[in-house]
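The structure under discussion appears below in the form of structure tokens.
Read the figures in this text as sums done on the coordinates, not as results from a lab. For clarity, every value in this text was computed on a predicted model and none was experimentally measured. FYI the Cβ positions are ideal-geometry reconstructions off the backbone, even for glycines, and counts take in every protein chain you see.
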Amino acid sequence: MDTPTDTQNDSAQVLIDLESLIKSSITGIDLKKNELKKLTEMTTSFLEQDSTYKEHEKLAKDAAKVRNATKAQLLKQPAVAQTISKAKELKAELKETEDGLSDYLREYQRMSGSNEIEDESGEVREIVYTAKLIKKSSKFK
């Protein structure tokens with residue numbers, strides 16, 4: 001029979017192993033990102049050496065300038081500006097509602113112990129959380 005100390009040792013070892021997996025994953029991701037960056041730079045360098053590509057790139061940039069100027073003119077029209085304003089407001093409301101829903105779901109899961117909830121149309125939805133790793137800001141060190 002396992003003693004509490006054995007269980008703590010097992011848990012500690014699992015945590016150490018998990019931390020090791022996380023660290024090796026981070027290292028692998030960084031290596032792959034660096035490799036991808038090098039390959040992208042090689043591809044860009046190859047394209048920039050081709051005269052036909054450079055010519056087409058210049059034509060595309062000129063066309064983009066004309067398109068952007070036309071777009072800027074159209075966006076100045078009151079009806080378009082009003083539509084853009086409404087879209088920005090709606091995006092802000094949507095973000096606020098989604099943030100609120102996240103809080104509600106966290107609390108629902110905590111109180112009910114369930115990872116599922118049925119919506120108004122009867123569809124069962126699963127509550128999921130996404131974890132991601134970011135570098136800690138140097139100002140907090």
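List every residue pair whose Cβ atoms lie under 7 Å apart, where the two residues are 6 or more positions apart in sequence or sit on different chains, the first residue falls within the range 54-66 and is under 19 Å from Thr43 (Cα atoms), and the second residue, located anywhere, is surrounded by 10 or more Cβ atoms within 10 Å (Cβ to Cβ) and aromatic (Phe, Trp, Tyr).
Close Cβ pairs (under 7 Å, with a partner that is surrounded by 10 or more Cβ atoms within 10 Å (Cβ to Cβ) and aromatic (Phe, Trp, Tyr)) do not exist here.
What pairs come out if I take residues in the range 93-108 that are closer than 13 Å to Ile127 by Cα and pair them with residues that are outside any helix (DSSP H, G or I) whose C-beta lies under 7 Å away, six or more apart or interchain?
Within 7 Å, the pairs are Leu105/Ile127; Tyr108/Ile117.
Show the residue pairs that are 6+ apart or on different chains and have beta-carbon atoms under 6 Å apart, the first residue being within the range 30-50 and on the phi < 0 side of the Ramachandran plot and among the hydrophobic types (A, V, I, L, M, F, W, C), the second being assigned to a helix (DSSP H, G or I) and surrounded by 10 or more Cβ atoms within 10 Å (Cβ to Cβ).
Qualifying pairs under 6 Å: Leu47/Tyr53.
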